[in-house]
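K.L.:
Got a structure for you, questions after.
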Amino acid sequence: MYLKLYFHPFASFCQKVLVALYENDTPFEPHIVDLADETSSADFKKIWPIGKFPVLRDDTKDRTIPESSIIIEYLALHYPGKAQLVPTDADLAWQTRLRDRFYDLYVNVPMQKIVTDRLRPAGQNHPHGVEQAMTLLRTAYRLIDQEMETKIWATGDAFNMADCAAAPALFYANEVMPFGDAHENAAGNLGRLMQRPSFARVVEEARPYRVLFPK
Ligand SMILES: N[C@@H](CCC(=O)N[C@@H](CS)C(=O)NCC(=O)O)C(=O)O
């Protein structure tokens, strides 16, 4: 029985989990959710009423697992592969979780705020929220740029869960607020992530949906 993944190929948090699955060639049954479609959205909310994806369903263990980081932790525990995405060393593990939280909360979330604001109907925008998101993103870029001066991947030499989080977050953030010349190390990091076969595959699979991205 395959693991089932409820997701959308263009959604950044879903891409984070796809990277993790592809890193380990973990077999899964894809279930694409279209939140814009009433039936698809209603069916998905029967599985996870919060209505945010990705969500993993493991019928073998009768478990429903939401939240991208928790899904990756679950996979590392129950379906491990060649890539150790959550280090077993406790000290490295907390550093990985810290960087994972950083990319989710201070890059992915503000990036989404900027993108979703562009999708709002005229007159329903939230300029103050967007300004706050841009300020947060600017600070995050500065910190990432400092960190990546000496690192190959988010926590050092090994690719792990924090890099799964970093890849889509940085990819889309660079679209809405380009790194520019001031953040060469962050740009270099994104370049490496894009060369990584797991993320290159994710980007390729999301290509048909790029028209959805607001200019
Ligand atoms: N903390 C969640 C965030 C998930 C999330 O925000 N997913 C977005 C797609 S990238 C979503 O479901 N958006 C639809 C909505 O908010 O209605 C995670 O890490 O999985």
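K.L.:
Arranged from highest to lowest average of other beta-carbon atoms within 10 Å per residue, in what order do the peptides 13-21, 204-212, 44-52 appear?
P.N.:
Descending mean neighbour count gives 13-21, 44-52, 204-212.
K.L.:
Net charge near Asp43, counting Lys/Arg +1 and Asp/Glu -1 over other residues with Cβ under 12 Å of its Cβ?
P.N.:
Here the count lands on -1.
K.L.:
Okay, helix-only estimate at 222 nm for the chain: each DSSP H run of n ≥ 4 adds -39500 (n - 2.57), divide by all residues, round to 500 deg cm²/dmol; what do you get?
P.N.:
Calculated mean residue ellipticity at 222 nm is -17000 deg cm²/dmol.
K.L.:
From the gyration tensor of the Cα coordinates in the chain, what semi-axes in whole Å does the equivalent ellipsoid have, largest first, with each one equal to sqrt(5λ)?
P.N.:
Result for the chain: semi-axes of 26, 24, 14 Å.
K.L.:
Still on this structure, I have one more. So what is Rg over Rh here for the stretch 116-203, counting just Cα atoms and using Kirkwood for Rh?
P.N.:
Taking Rg over the Kirkwood Rh, I get 1.03.
K.L.:
Once the stretch 1-126 is represented by equal point scatterers at the alpha-carbon sites, with solvent omitted, what log10 I(q)/I(0) does the Debye formula produce at q = 0.09, 0.11, 0.17 Å⁻¹?
P.N.:
Taking Cα atoms of the stretch 1-126 as identical point scatterers yields -0.29, -0.43, -0.96.
K.L.:
Under the Karplus relation 6.51 cos²θ - 1.76 cosθ + 1.60, θ = phi - 60°, what is the ordered set of whole-Hz ³J(HN,Hα) values for the stretch 39-56, x standing for Gly and Pro?
P.N.:
Residue by residue, the stretch 39-56 yields 5, 4, 5, 5, 4, 5, 5, 6, 7, 9, x, 5, x, 9, 10, x, 9, 9 Hz.
K.L.:
If you don't mind, there's one more thing I want to ask. Given the chain, what percent of its DSSP beta bridges are antiparallel, to the nearest 5?
P.N.:
60
K.L.:
What ranking, highest mean first, results for peptides 120-126, 82-88 when packing means the other Cβ atoms within 10 Å averaged over each residue?
P.N.:
82-88, 120-126
FYI, it's all coordinate maths here, none of it is from the lab. Given the structure is predicted, the values throughout are model-derived calculations rather than measurements. All Cβ positions, glycine included, derive from the backbone under ideal geometry; neighbour counts span all protein chains shown.
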